[in-house]
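First comes the structure, then the notes that go with it.
The values are calculated or read from the model by the stated rules, or taken from the named source; none is laboratory data. Keep in mind that what you see is a predicted model, and the values were worked out from it rather than measured. Heads up, the Cβs are rebuilt from the backbone with ideal geometry, glycines too, and the neighbour counts pull from every protein chain shown.
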Amino acid sequence: MKNILFVASEGVPFIKTGGLADVVGSLPKCINREYYDVRVILPKYMCIKPEMKEKMEYVTHFYMDFHWKNEYVGVLKAEVDGVKYYFIDNEMFFGGYGPYSNDALYEIEKFAFFSKAALSILPLINFRPDIIHCHDWQTGLIPVYLKERFQGNEFFRGIKSIMTIHNLKFQGKWSVKEVKEITGLPDYFFTSDKLESFKDANLLKGGIVYADAITTVSQTYAEEIKTEFYGEHLEGLLRAREHDLRGIVNGIDYDDFNPEKDKHIPFPYNAINFRKEKFKNKKALQQELGLEVDEKKMMIGIVSRLTDQKGFDLIAYIMDELCQDDVQIVVLGTGEERYENMFRHFDWKYNNKVSANIYYSEELSHKIYAASDAFLMPSLFEPCGLSQLMALRYGTVPIVRETGGLKDTVEPYNEFESKGTGFSFLNYNAHEMLRTIRYAERIYYDKKREWNKIIDRDMAADFSWKRSADRYTEMYDWLIG
Ligand code: ADP
Ligand code: GLC
């Protein structure tokens, strides 16, 4: 039996702000249990829903040296779908209204604490991983600590680490002086070949330098981040480590996202009966959101964090023009205020055509995936993207920009060969996007049979975890030797 430990800042079904949580919650379930014992460590945030907190059981607690103090570390555990989870408890760090705050320094302190605590609890829970699989900057210190202070302890010697980059944009950066104090790491680590980057300390960089292997969540993004445009100033390092860097595309949980069994949608359907059933979800949602009820109207869905990453400046630019077309636009998302207000404005201006839902709702997201005809995701960059995979699963045709995982998972429609699963454009240009949307509109309104064949191909595509989980286990085996 090989022991694998995931450490991450969020994971379904406990806490989620984006795709990272979906991955951390679904991948461990899909790794062959006969050969691998996969466990997960998460923070015990106060904002975790009470019904999930109820599943947790106290294990132990102790005090850990951290940043000149002696900090309380509580350990809890829970088991969900056969996966063992452990939680690090400390109300000072994990007591906020959400998992993250806007105070960058505090975030660094919080996740430095989390990273050190995650390693420190291992002897106490009697689990010695062969590999610690770290996710994003919040866990970047783990590979560093593993090679540093924990080396002195027999228990930790020989443990390998993997750093998975879900989003290179976020790196955990702050002044060297303060990060040195917080982490307790000596000067040796703060040079430009280690944690230092452009005069600051950079936690993700530490993870990339010290991990035994590096992965990211699609093959195209793995190539893109070696270039200046996508590299977020780490392209040089990523090129230097390219032999240890691989792209493994994400999957989604095919049980949680299943139009045939989804409890959130009023009219279940499948790949065979969608022609007769799927549109009933559209009518129900039109009614619920106060849009014109018309089963023939093309509905374009958006479910997303409202940030620059996702291409909302392109959408803002052509929204007025797009609203002249015979379409409805349904948005669910939260994020930057200017985009929240942009959608509120168009909802007011085109009231029976646009529905802006500026909040977070699992339930409404499923309804949108099921009800929409097309799903719009024109990202500036996209490490993988899960929303387009959810759309495909629900027979909702993705319209995407050809970048990162979007490029790897959506095959552009080709009307001459009757191939493809969605519509895509290359350049980050609002009118190129609008042209692509209008091309999709033409197929939808004028070539309905063709459109339905695209849906056939969407629902036949397989983005469950199976294949990618095998690629992770191949990597685990290769590292363990
Ligand atoms: P990212 O991780 O960059 O935000 P992904 O496409 O990988 O993008 O994953 C986003 C996940 O978050 C999807 O599961 C999507 O359905 C969900 N999501 C985003 N915004 C909301 C929201 N407002 N309400 C419900 N789910 C949301
Ligand atoms: C990040 C990326 C997204 C990816 C997700 C899960 O949040 O922005 O593209 O799908 O992580 O890997």
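Might you let me know whether the stretch 3-14 holds any residue that is at negative phi, more than 16 Å from ligand 1 (Cβ to nearest atom), in contact with an Asp or Glu (Cβ under 8 Å, 6 or more places away or on another chain) and assigned to a strand (DSSP E or B)? Yes: the stretch 3-14 contains one or more residues that are at negative phi, more than 16 Å from ligand 1 (Cβ to nearest atom), in contact with an Asp or Glu (Cβ under 8 Å, 6 or more places away or on another chain) and assigned to a strand (DSSP E or B). Looking across the stretch 414-443 at every residue that is part of a loop (DSSP other than H, G, I, E, B) and touching a strand residue (DSSP E or B) at 6+ places or on another chain (Cβ under 8 Å), the one that is farthest from I455 (Cα to Cα) is identified as Y428. Each residue in the stretch 270-292 was checked for being part of a loop (DSSP other than H, G, I, E, B) and touching a residue at least 60 places away in the same chain (Cβ under 8 Å), and 5 pass. Within the stretch 155-192, the only residue that satisfies the criterion of being more than 16 Å from ligand 1 (Cβ to nearest atom) and under 14 Å from L238 (Cβ atoms) is M163. If we scan the stretch 282-292, do we find a residue that is at pLDDT 95 or above, within 16 Å of ligand 1 (Cβ to nearest atom), of a type outside the set (A, V, I, L, M) and farther than 26 Å from K447 by Cβ? Looking for residues that are at pLDDT 95 or above, within 16 Å of ligand 1 (Cβ to nearest atom), of a type outside the set (A, V, I, L, M) and farther than 26 Å from K447 by Cβ, one finds at least one in the stretch 282-292, hence yes.
Within the stretch 149-182, if we keep just the residues that are among the β-branched types (V, I, T) and part of a helix (DSSP H, G or I), the residue that is surrounded by the fewest Cβ atoms within 10 Å (Cβ to Cβ) turns out to be V176.
Residue count for the stretch 447-469 under the criterion of being outside any helix (DSSP H, G or I) and over 17 Å from L392 (Cα atoms): the result is 1. The strands (runs of 3 or more DSSP E) found entirely in the stretch 59-148 that carry 1 or more residues being free of Cβ contacts under 8 Å to residues at least 60 places away in the same chain and surrounded by fewer than 18 Cβ atoms within 10 Å (Cβ to Cβ) are 69-80, 83-89.
For the stretch 221-228, check the following and say yes or no: at least one residue is surrounded by fewer than 18 Cβ atoms within 10 Å (Cβ to Cβ) and farther than 26 Å from D477 by Cβ. Scanning the stretch 221-228, I find at least one residue that is surrounded by fewer than 18 Cβ atoms within 10 Å (Cβ to Cβ) and farther than 26 Å from D477 by Cβ, so the answer is yes. If you filter the stretch 15-52 down to residues that are assigned to a loop (DSSP other than H, G, I, E, B) and within 16 Å of ligand 1 (Cβ to nearest atom), you find that the one that is surrounded by the fewest Cβ atoms within 10 Å (Cβ to Cβ) is K49. Would a scan of the stretch 470-481 turn up a residue that is part of a helix (DSSP H, G or I) and in contact with a helix residue (DSSP H, G or I) (Cβ under 8 Å, 6 or more places away or on another chain)? Among the residues of the stretch 470-481, not one is part of a helix (DSSP H, G or I) and in contact with a helix residue (DSSP H, G or I) (Cβ under 8 Å, 6 or more places away or on another chain), which makes the answer no. Would you confirm whether any residue within the stretch 382-393 is assigned by TED's automatic domain parsing to the domain that holds D320 and away from ligand 2 (no atom under 16 Å from the Cβ)? No, the stretch 382-393 contains no residue that is assigned by TED's automatic domain parsing to the domain that holds D320 and away from ligand 2 (no atom under 16 Å from the Cβ). Based on what the data block shows, is R305 surrounded by 15 or more Cβ atoms within 10 Å (Cβ to Cβ) and assigned by TED's automatic domain parsing to the domain that holds D22? Considered against the rule, which asks whether it is surrounded by 15 or more Cβ atoms within 10 Å (Cβ to Cβ) and assigned by TED's automatic domain parsing to the domain that holds D22, R305 comes out as no.
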